[in-house]
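Worksheet: the structure to be examined is printed underneath.
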Amino acid sequence: MSPRLKKKRCCEGDFCGQAFKPVGLPLRKLNQIVLYRDELEALKLCDFEGLTQEQAGERMGVSRGTVQRLLTGARKKVAEALVSGAALVFSEAA
C-alpha cells in the first residue's frame, strides 16, 4: 500500500529560503532548524492573528487536528531556536 497523498495547504507569504538568526553570527556557524511553510502559516494564523485552530484549518484547507499538529511542531522549533541560539530556516514542505 502506498501512503496517502498530502493535501494541498493554502499558505500566504513567500519566506522560503530566508532565515531568522541571532545577530552577529554567520548562518553557516549556527545550528539550523527548518521551519516548514505550513508550520509557519499555522503559527501565524493561531498565535499572531488569534484565530482558533478550527478557523485556521478552514483558511488552510486542512482539518483542525492537522493545524494542532503543525502548531505543536512549530512552537517546539521556535522555542528550541530561541533557547539554543539556533537559526530558523524557512522552507517549503518536506
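The values are calculated or read from the model by the stated rules, or taken from the named source; none is laboratory data. Everything numeric in this text was worked out from a predicted model, so none of it was measured. Every residue, glycine among them, receives a Cβ derived from its backbone with ideal geometry; neighbour counts consider all protein chains shown. We work out accessible area using only protein heavy atoms, side chains counted, and drop any ligands, DNA or RNA first. Shrake-Rupley method; radii C 1.70, N 1.55, O 1.52, S 1.80 Å.
Worth pointing out:
- Portion, in percent, of the accessible area of the range 17-70 that falls on carbon or sulfur, probe 1.4 Å: 52
- The length gained by stretching the chain between Glu58 and Thr72 to full extension, at 0.36 nm per residue less their Cα-Cα distance, is 3.3 nm.
- Using the 1.4 Å probe convention, the accessible area of the range 31-94 works out to 54 Å² per residue with neighbouring protein chains retained.
- Packing, taken as the mean count of other beta carbons within 10 Å per residue, orders the peptides 82-90, 55-63, 25-33, 39-47 from highest to lowest as 39-47, 55-63, 82-90, 25-33.
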